[in-house]
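For reference, the structure discussed in these notes is given below.
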Amino acid sequence: MTAKPRSPYRSSQRRVLVAGALALSGALALTACGSSDSDSGKEDARSGDTHVVKTAMGDVKVPVAPKRVVVLDTAELDSAITLGVKPVGSTHVEASSGFPGYLPKDEVSGIEDVGEMLNPNMEAIAALEPDVILTSKIRHAAKYEQLKQIAPTVMTENTGYPWKENFQVHAAALGKKAEAKKVVAAYDAHAEKVTTAVGGPAKAKATEVNVVRFVEGADIRIYGERTYVATLLDDVGLGRPAIAAKAKDGFSYDVSPEKIDLADADVIFRSTYGDPKKSRQTQTVGSSLWKNMDAVKQGNVHTVDDELWIQGIGYTAADKILDEMQAALTKE
């Protein structure tokens, strides 16, 4: 009976696993007299030092200062770049031709594209020999067993709304807790500055803001109160129309072009994912229903970049959004 040829991918996985096991054995021997489980953020940590990160899949041991990081979604990419870590690999979003354009080109240059976000290329990831992989259960729970055989995999439960909590998990995994504190403090100060710029807390609260997204292959989304962008509106203290509270699971209240007037507010920020015609954006904004909305008639509808406002999901994106928000809300 002829033996089946050995898969080169499985062989490479075995080499990675063996190397990882040897590294772990060495780490245990080196740290027998002293624990290295705390997060020190030391860039010169000796090879083999690990610490435990609490993840959605349980406790995971990761290197104290990982050098080769792979991220599988835009939130994780934003977190890494924000914390001064350039991943060796990252996925891209289906409708995108590369990594988010709001990120500095020099900081994403050289990152290996490991496939579309919902279908990452496992062979490409393994070939990069990562120290740690960052993603979420909602994106890649079904691939966890494969991923953790390649490298320690840190998953948050979800993406979007819990982005601030997720950022802390990413910071712990990257050994960057001290840097994370500075990032959060700077963001809080920025949000407070925007509140002041728009006239203070009372005026901000009296200004009702909606975020509308045209999506190819789906209904038009009026974003709810449990989304990434909603947290930014809340941090500035802006008001939300009643429709936002009706969003399913707090995510979005979906409408057809014939009901777009439900999205009316004092101010509307709108973005488009995919083809404008296929997402019915062209049809909708050209309709009399759209043109008769108060926000449109008052000139308070602002077209924003979908990659930044919706896909970014991180502190680097948030700072840029706050700047755009301030500019829009303080225009003469």
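Tabulated data
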item: Flag for D73 being on the phi < 0 side of the Ramachandran plot and under 15 Å from the mean Cα position of the chain (by Cα); result: yes
item: Check on G200, in the same structural domain as F251 (by TED's automatic domain parsing) and buried (at least 19 other Cβ atoms within 10 Å of the Cβ); result: no
item: Residues (among the aliphatic types (A, V, I, L, M), closer than 14 Å to D319 by Cα and free of Cβ contacts under 8 Å to residues at least 12 places away in the same chain) located in region 187-206; result: A189
item: In region 237-278, residue surrounded by the fewest Cβ atoms within 10 Å (Cβ to Cβ) [restricted to those that are of a type in the set (A, V, I, L, M) and either touching a Leu at 6+ places or on another chain (Cβ under 7 Å) or more than 27 Å from D188 (Cβ to Cβ) (or both)]; result: A242
item: Search result, residues across region 137-162 that are in a helix (DSSP H, G or I) and either crowded, with 21+ Cβ neighbours inside 10 Å or within 16 Å of the chain's Cα centre (by Cα) (or both); result: K137, I138, R139, H140, L147, I150
item: Residues within region 99-136 that are in contact (Cβ under 8 Å) with a residue 40 or more places away in the chain, surrounded by fewer than 22 Cβ atoms within 10 Å (Cβ to Cβ), aliphatic (A, V, I, L, M) and out of contact with any Phe, Trp or Tyr (no Cβ under 8 Å at 6 or more places or on another chain), tallied; result: 3
item: Subset tally (residues that are part of a helix (DSSP H, G or I) and out of contact with any Lys or Arg (no Cβ under 7 Å at 6 or more places or on another chain)) for region 92-132; result: 9
item: Residue tally, condition free of Cβ contacts under 8 Å to residues at least 12 places away in the same chain and at positive phi, over region 294-332; result: 1
item: Qualifying residue in region 212-225 (condition: part of a loop (DSSP other than H, G, I, E, B), in contact with a Phe, Trp or Tyr (Cβ under 8 Å, 6 or more places away or on another chain), buried (at least 17 other Cβ atoms within 10 Å of the Cβ) and not assigned by TED's automatic domain parsing to the domain that holds K67); result: yes
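The values are calculated or read from the model by the stated rules, or taken from the named source; none is laboratory data. Note that the structure is predicted; figures quoted are calculated from it, not measured. No Cβ is skipped: glycine too gets one built from the backbone with ideal geometry, and neighbour counts run over all protein chains shown.
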